[in-house]
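Trainee: The structure follows.
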Amino acid sequence: MSKHPARNLLLTIEYDGTGFSGWQRQPGRKTVQGELERVLTSVCGQEIKIDGTSRTDAGVHAYGQRANFKGEFGIPTDKLAMVVNHRLAGGKRGRTTSGPIRITEVQEMPMDFHARFDARGKTYIYRLYNSPELDVFRRNYCYRIGQPLDTEAMKAAAREIEGTHDFQCFQASGSEERLTTVRTVYKADIRSEGKNVDIFVTGDGFLYNMVRIITGTLVEVGLGKMDPAHLARIIKSRDRQNAGHTAPPQGLYLARVYYETKEIPGYEEGTPGLG
């Protein structure tokens, strides 16, 4: 019997997804979950399996992925991030040294808490670079659009996405069948500064490639290929072929996971269908 009490720890994790085959562990492939489990197992002295809130694809990044794990181990909660981050950075010393994965916060939670099943909402950010110029340093972190985007038209289209709808039109063809494709988007927003255009989407859950297809659709609106007023009709059609293209993975970031509804942007605005 372990001399240490059982703990359930919630991790907040940021990562550069460029060199990984996504979040989820896969045999013979380098994944974010796999790397974290490898290091946590070494640090804690026992096999650790973590449960994440979102199975991000290869190339997708995160500012605020959340994951929890349980175990009986001696390392103090407030020291765990420092030790794990040191190992993730290859054992290099120095406060400015970091690997492509970093734990930013560790919290002790009740034993029945689950990072995925207890989540009440998520915010994703999709980053666009609206410039005709190629930029080698941005290629893994945004989607370059070479022609000017009409961001006001994109904002009008984004408003049509908000609310509770059947979003089957924004689900990748051939995806795993779901019990329901109804989701609530609490807030969809476009923010632009210079050549940078960011799409913020907050919802109670997302279908496979949903944010990337929403982005591709909004880009086509911004390029004048699609009327913003058509978004409601596209959603109502429930047909993937009526929506826009799937934006590439490298512009997508999991920004935040919410466990309290009062923290969710747009939740208190009376969005239809909210309980």
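Read-outs: derived from the displayed coordinates by stated rules, not from any lab. This is a predicted model, so every value here is computed, not measured. For neighbour counting, all protein chains shown are included, and Cβ atoms are generated from backbone atoms with ideal geometry for every residue, glycine included.
Trainee: Per residue of segment 114-121, what does 6.51 cos²θ - 1.76 cosθ + 1.60 with θ = phi - 60° give for ³J(HN,Hα)? Whole Hz please, x for Gly and Pro, Karplus curve as stated.
Mentor: Taking θ as phi minus 60°, the curve returns 9, 4, 7, 6, 8, 5, 9, x Hz for segment 114-121.
Trainee: Please find, in a Gaussian network model of the chain (springs between Cα atoms separated by less than 10 Å), the residue of Arg178, Arg116, Arg233 whose mean-square fluctuation is greatest.
Mentor: Fluctuation is largest for Arg178.
Trainee: What does the convex hull of the Cα atoms of segment 43-197 come to per residue, in Å³, rounded to a whole number? Could the numbers behind the result be given before it?
Mentor: Working: hull volume 29.2 nm³, N = 155.
Here the figure is 189 Å³ per residue.
Trainee: Count charges around His165 for me, please; just the other residues with Cβ under 15 Å from its Cβ, Lys/Arg as +1, Asp/Glu as -1.
Mentor: On the way: positive: Arg159, Arg178, Arg183, Lys187, Arg233, Lys236, Arg238, Arg240; negative: Glu160, Glu162, Asp166, Asp204, Asp239.
Its environment carries a net charge of +3.
Trainee: Taking a cut-off of 15 Å, what percent of all Cα-Cα pairs in segment 7-109 are separated by more than that?
Mentor: Tail of the P(r) past 15 Å holds 59 percent of the pairs.
Trainee: Further question: In the structure displayed, which of Lys3/Lys122; Lys70/Lys155; Lys30/Lys70; Lys3/Lys30; Lys122/Lys236 lie more than 32 Å apart, Cα to Cα?
Mentor: Values: Lys3/Lys122 37 Å; Lys70/Lys155 43 Å; Lys30/Lys70 23 Å; Lys3/Lys30 34 Å; Lys122/Lys236 23 Å.
Cα-Cα > 32 Å for Lys3/Lys122; Lys70/Lys155; Lys3/Lys30; rest within.
Trainee: Amide H of Ile145 versus every other amide H placed in the peptide plane: which residues, excluding those fewer than 5 positions away on the same chain, fall under 5 Å?
Mentor: Counting only residues 5 or more places away or on other chains, the set is Tyr129, Asn130, Ser131.
Trainee: Which is the longest stretch in the chain that no exposed loop site breaks, taking sites as GluC sites (Glu not before Pro) with a DSSP loop state and at most 10 other Cβ atoms within 10 Å? All intermediate terms of the calculation are to be shown ahead of the outcome.
Mentor: Details: sites that count: Glu47, Glu133, Glu176, Glu177, Glu260.
Answer - 48-132.
Trainee: Using a 7 Å offset from the Cα along the Cα-to-Cβ direction at both Ala172 and Thr77, what is the distance between the two label points in nm, to one decimal?
Mentor: Spacing of the two 7 Å Cα→Cβ label points: 3.6 nm.
Trainee: Out of Lys79, Lys236, Lys187, any idea which swings most in a Gaussian network model of the chain, alpha carbons joined below 10 Å?
Mentor: Lys79
Trainee: Also, quick follow-up: Working from Cα positions, state the angle (0 to 90°, nearest 10) between the long axis of helix 32-44 and the longest principal axis of the chain.
Mentor: 20
Trainee: Same structure, new question: I'd like to know which of His165, Gly244, Val136 lies farthest towards the positive end of the charge dipole of the chain, counting +1 on Cβ of Lys and Arg and -1 on Cβ of Asp and Glu.
Mentor: Farthest towards the positive end: Val136.
Trainee: Determine, from the Cβ-Cβ distance of Thr261 and Lys49 and an R0 of 35 Å, the FRET efficiency 1/(1 + (r/R0)^6), rounded to the nearest 0.05. If you can, show how the numbers build up before the last one.
Mentor: Values: r = 29 Å, r/R0 = 0.82.
In this case the efficiency is close to 0.75.
Trainee: To continue, here is another question. Taking the 0 to 90 degree range and rounding to the nearest ten, how far is the long axis of helix 151-161 tilted relative to the main principal axis of the chain, both from C-alpha atoms?
Mentor: 70
Trainee: Specify the residue with the greatest mean-square fluctuation among Cys44, Cys142, Cys169, computed from a Gaussian network of the chain linking alpha-carbon atoms under 10 Å apart.
Mentor: Looking only at Cys44, Cys142, Cys169, the largest GNM fluctuation is found for Cys44.
Trainee: Considering every pair of different Cα atoms, what Kirkwood radius, in Å, is found for segment 121-260? The partial results should precede the final answer.
Mentor: Details: mean 1/r = 0.0665 Å⁻¹.
For segment 121-260, the Kirkwood estimate is 15.0 Å.
Trainee: With the Cα gyration tensor of segment 144-185 giving a ≥ b ≥ c as the square roots of its eigenvalues, does the rule (a/c under 1.5 for rounded; else a/b larger than b/c for prolate; else oblate) give rounded, prolate or oblate?
Mentor: Numbers: a/c = 4.98, a/b = 1.69, b/c = 2.95.
Taking the square roots of the gyration eigenvalues as a ≥ b ≥ c, segment 144-185 is oblate.
Trainee: Once fully extended, how much extra length lies between Glu220 and Asp150, figured as 0.36 nm per residue of separation less the alpha-carbon to alpha-carbon distance? The partial results should precede the final answer.
Mentor: On the way: separation 70, 0.36 × 70 = 25.20 nm, distance 0.98 nm.
Extra length available between Glu220 and Asp150 comes to 24.2 nm.
Trainee: To continue, here is another question. Given a Förster distance of 35 angstrom, what is the FRET efficiency for Thr18 paired with Ala229, based on the Cβ-Cβ distance and rounded to 0.05? The partial results should precede the final answer.
Mentor: Working: r = 37 Å, r/R0 = 1.07.
Using R0 = 35 Å, I get an efficiency of 0.40.
Trainee: Provide the FRET efficiency to the nearest 0.05 for the Val136-Glu105 pair, computing r from the beta carbons and using R0 = 35 Å. Present the calculation step by step, with values, prior to reporting the outcome.
Mentor: Numbers: r = 33 Å, r/R0 = 0.94.
FRET efficiency, Val136 to Glu105: 0.60.
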